[in-house]
Amino acid sequence: MNIKPIDWREGRIILLDQTRLPWEETYLEVNDVPGICEAIRKLRIRGAPAIGVAAAFGLALGAQAIETASKDEFLARLHEVSQTIAATRPTAVNLFWALDRMNRVAQVGSDVGGIKSKLIEEAGVIERETAEDDRRMSQNGAELIGNGFSVLTHCNAGALATAGYGTALGIIGAAHEQGKNIEVFADETRPLLQGARLTTWELMRADIPVTLITDNMAGHFMKAGKIDCVVVGADRIAANGDVANKIGTYSVAVLAHENGIPFYVAAPVSTIDFHLGSGDEIPIEERNPEEVTHPYGSRIAPEGVRVANPAFDVTPHRYVSAIITEEGIARNPYTESLWAMRKGELNAGS
C-alpha cells in the first residue's frame with residue numbers, strides 16, 4: 001500500500017499529481033507558496049492527512065523566501081504565508097493543525113536562519129509522524145476486519161490521501177497483510193470519482209480484490225448481504241463524534257445503519273477538532289459547479305442550470321459504530337472516548 005504522494009527534496013516539494021491518475025503517474029515540482037496553494041485547491045494533493053503535510057511543507061518553503069534578519073518582521077510575514085495556505089480549503093482540519101504546529105515552532109526560535117531550518121525539520125517530523133500514526137491506526141482497525149469480509153469504502157482514504165500508508169485503506173491493507181481473505185467494494189464517489197480513479201488504482205496495485213460500484217448501488221449490495229462493514233476516512237471530526245467526510249458518506253452511513261452493518265471511521269487524532277461541539281459547526285467547502293456539469297471537460301448538463309456542489313457532508317455520531325485512531329478505537333459516548341484519546345488514556349486496540 002506504500003505510495004509517496006508528497007516529499008521534500010532539496011528545497012522543493014515533489015508531489016504526485018492525483019488529478020492525472022489513473023491514466024498516468026506524473027510528479028510535479030513545487031517551488032513556491034502559490035504553487036502549493038494551487039496544488040491543494042486543485043486537488044493535485046488531497047486527503048486530510050496529506051493536506052496537513054502539504055501545508056507544513058508549504059509553510060517551510062514560504063519561510064525560506066522571506067529575506068529579513070528581524071525576527072519580528074519574519075514572523076509577521078510568515079503569518080501572511082500561513083494565512084494564504086489556510087485559505088485554500090476550509091473543511092480538512094489537518095491543514096490548520098499543521099500550520100498551527102509549524103507557527104508555534106517558529107515562535108520559539110531565536111534567529112531567522114535557525115527558525116527557517118527548524119521549520120524544514122518540523123515539516124519532516126510531521127510527515128514521518130503522520131505515516132507512523134497511520135500504521136498504528138491501521139493495525140488497530142484491522143482487528144475489526146474478519147477473515148472473509150467484504151468491505152465497502154467511499155472516496156479515497158489510502159496512501160494517496162496521507163503520508164504514504166492510508167487510513168481506511170490502511171486498515172484494509174493491514175488486514176490483507178495479516179493474511180485475511182477480504183474483498184473491497186469501492187463507491188465511485190461523484191462528482192470527481194476519487195473512488196473509481198484512486199481507490200481502485202491503489203487496491204489493484206496491492207493485489208487486493210476490488211469491485212467498483214456507482215454511489216447509488218451501495219444500498220443494493222448492503223440489502224443483498226454482500227457487505228460486512230463500511231470503513232471510511234474523515235476530514236474533520238467534532239468532539240461529539242460527528243464526522244465530516246466526502247459528500248455521500250452520510251447516505252452510506254444511513255444505509256449501513258438500516259441494514260445493521262457496522263460503519264467505521266478511520267482518522268488520526270489530529271483530525272479531531274476538539275473546539276467544535278458538533279458537526280453543525282464544521283465548515284463545508286462548496287466547489288466549482290463545473291465539477292458537476294463538466295466532468296473531465298465534457299458537458300453533461302444543460303447550459304445555465306443551477307448547481308450545488310458541496311464537497312463534504314456530516315454524518316451524525318449516532319450512525320458511527322467506532323472511530324479508529326492511532327491511539328485506539330473510540331466508541332459512543334464519543335464525548336468521553338475521544339477526549340480520553342487526547343489525554344492519552346486509551347490503549348491501542350482497546
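Ordered by packing density, taken as the mean number of other Cβ atoms within 10 Å over each peptide's residues, highest first, how do 11-18, 185-192 rank?
Listed from highest to lowest mean packing, they are 185-192, 11-18.
To one decimal place, what Kirkwood hydrodynamic radius in Å is obtained for the range 6-134 from all pairs of distinct Cα atoms?
Answer for the range 6-134: a Kirkwood hydrodynamic radius of 14.6 Å.
Peptides 280-290, 331-341, 92-102: what's the order by average Cβ count within 10 Å, highest mean first?
Packing proxy ranking, top to bottom: 92-102, 331-341, 280-290.
If you keep only loop residues by DSSP, which GluC sites (Glu not before Pro) in the range 58-138 have at most 14 other Cβ atoms within 10 Å of their Cβ?
67
Mind checking the angle between helix 48-64 and the chain's longest principal axis? C-alpha axes, 0 to 90 degrees, to the nearest 10.
So the inclination is approximately 10 degrees.
Testing the spin-label approximation: label points 7 Å from Cα along Cα→Cβ at residue 38 and residue 129. State their distance in nm.
Taking the two extended label points, one gets 3.1 nm.
Quick check: net charge around residue 157, other residues with Cβ under 11 Å of its Cβ, Lys/Arg +1 and Asp/Glu -1?
Neighbour charge sum, excluding residue 157 itself: -1.
When only Cα pairs under 8 Å and 6 or more residues apart are kept, what is the percent relative contact order across the chain?
Contact order relative to length: 16 percent.
What is the spin-label model distance, in nm, from residue 181 to residue 204 if the labels are put 7 Å beyond Cα along the C-beta direction?
For the pair residue 181/residue 204, the computed spacing is 2.4 nm.
Can you sort 265, 305 from fewest to most other Cβ atoms within 10 Å of each residue's own Cβ?
In increasing order of surrounding Cβ atoms, one gets 305, 265.
Report, to the nearest 10°, how far helix 93-108 tilts away from the longest principal axis of the Cα atoms in the chain, using its own Cα long axis and a range of 0 to 90°.
So the inclination is approximately 30 degrees.
Where does helix 249-258 land angle-wise versus the long Cα axis of the chain, in degrees 0 to 90, nearest 10?
Its long axis makes an angle of about 30 degrees.
Under the Kirkwood approximation for Rh and a Cα-based Rg, what ratio Rg/Rh is obtained for the chain?
Expressed as Rg/Rh, it is 0.97.
Among 133-141, 316-324, how do they line up by average Cβ neighbours within 10 Å per residue, starting with the highest?
133-141, 316-324
Using alpha-carbon positions, what is the distance between the centroids of the range 21-70 and the range 118-173, in Å?
So the separation of the two Cα centres works out to 20 Å.
If you keep only loop residues by DSSP, which chymotrypsin sites (Phe, Trp or Tyr not before Pro) in the range 1-67 have at most 10 other Cβ atoms within 10 Å of their Cβ?
Of the chymotrypsin sites (Phe, Trp or Tyr not before Pro), the ones in loops of the range 1-67 whose Cβ has at most 10 other Cβ atoms within 10 Å are 23.
Working only with C-alpha atoms, what are the Rg and Dmax values of the range 144-342, expressed in angstrom?
Rg and Dmax of the range 144-342, Cα atoms, are 16.6, 52 Å.
Going down the table (42/118; 71/118; 4/180), which pairs top 19 Å between alpha carbons?
From 42/118; 71/118; 4/180, over 19 Å: 42/118; 4/180.
Just so you know, all these numbers are worked out from the coordinates, no wet-lab data involved. This structure is a prediction, so every number in the text was calculated from the model and none was measured. As a convention, Cβ positions derive from the backbone with ideal geometry for all residues, glycine included, and neighbour counts pool all protein chains shown.
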